[in-house]
1. Most exposed first by the Cβ proxy, i.e. fewest other Cβ within 10 Å, how do Met140, Met245 rank?
2. Of all DSSP beta bridges located in the stretch 121-247, what percent are antiparallel, nearest 5?
3. Once fully extended, how much extra length lies between Asn178 and Thr113, figured as 0.36 nm per residue of separation less the alpha-carbon to alpha-carbon distance?
4. For Lys171, which aspartates and glutamates qualify as cross-link partners when the Cα separation must be under 12 Å and same-chain residues fewer than eight apart are set aside?
5. Over 24 Å apart: what share of the alpha carbon pairs of the stretch 88-238 falls there, rounded to a whole percent?
6. With only alpha-carbon atoms counted, please give the Rg and Dmax of the stretch 180-250, in Å.
7. Please report, in whole Å³, the volume per residue of the convex hull around the C-alpha atoms of the stretch 138-220.
8. Ordered by packing density, taken as the mean number of other Cβ atoms within 10 Å over each peptide's residues, highest first, how do 68-78, 216-226 rank?
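The numbers here are math on the coordinates, done by the rules we state, and not lab data. Keep in mind the model is a prediction, meaning the values are calculated, not measured. Note that we place each Cβ from the backbone using ideal geometry, even for glycine, and neighbour counts take in every protein chain shown.
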Amino acid sequence: MKRAICEKCGETLLAAEGWCPSCSPVLSSASFAPASAQVNVVAQPVGILTRKVEDGVHSSTYHSPDGAKSSNTLSPDTFSLHLAGRSDAGKPGEATVVHAVETRLRETGYSVTRLTASDGDGEDARVLCDDIPVTIQVTMVPHEPGLWEQWRHGSTSTEVPLPTAVGWVKKAVDHKANRYSAPEKEATILALDVRHLGALVSPPFTEAIAAECGDVPSTSGFGAVWLVGATSSTCTALGEGKRFMNRPAK
């Protein structure tokens, strides 16, 4: 049986456990043998997330507290996804995404204060990031209602070429960009919900997006565009500026 050491508390873990019994539900991570593979396990109130990189293939599994289950794999050419359990797509998962964004902002060094948001105005959350009012707008990837509807009625799977997965991101960004004015977008972090597509939060995929779409915040007008997984460690900014990802100047 493979063993690992929790990087937070030093507890010896079994790979089959997939979580740290000492830290959970506090955020924890562990790296597992063999040395040829990189595996990270995260456990906290948002569920259990396992990420693995081996031989250039990125894979991820996520079990949410509400019973949603997903597994997905990104190879150099294709992306595959399997969804099972109780669906938490859309509104049920927004709080997890917002929490991940707020946590990442704080970890970066910003002071974050929650403000009142107006859902009718398309605000999933509003915060003061230091002294800057910022809207957090969450949208699902892919923007394919049929996929999520299938999941609501049972398990579903799909496999697509890498360019199609890149197109999912472009379509989701364009869908939101067409709904808001330039000043509104400039004050918005567009959080692309990829909790169940965690393998996409990886350098090969963000590089593919840059090659196909260029600088996404510049072309869309948003202040920042992030891929957001289930935890703050699975947030990554698209584009060159990396706004809010870098520690603010004092």
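1. Numbers: Met140 24, Met245 15.
Ascending Cβ contact count within 10 Å gives the list Met245, Met140.
2. Values: 9 of 20 bridges.
The antiparallel fraction comes to roughly 45 percent.
3. Values: separation 65, 0.36 × 65 = 23.40 nm, distance 2.81 nm.
Additional length available on full extension: 20.6 nm.
4. Hits, sequence-local ones excluded: Glu144.
5. Numbers: 3293 of 11325 pairs.
In whole percent, the share of Cα-Cα pairs in the stretch 88-238 beyond 24 Å is 29.
6. Looking at the stretch 180-250, its Cα Rg and Dmax stand at 12.2, 36 Å.
7. On the way: hull volume 8.3 nm³, N = 83.
About 100 Å³ per residue, rounded to a whole number.
8. Details: 68-78: 17.6, 216-226: 22.0.
Highest mean packing first, the order is 216-226, 68-78.
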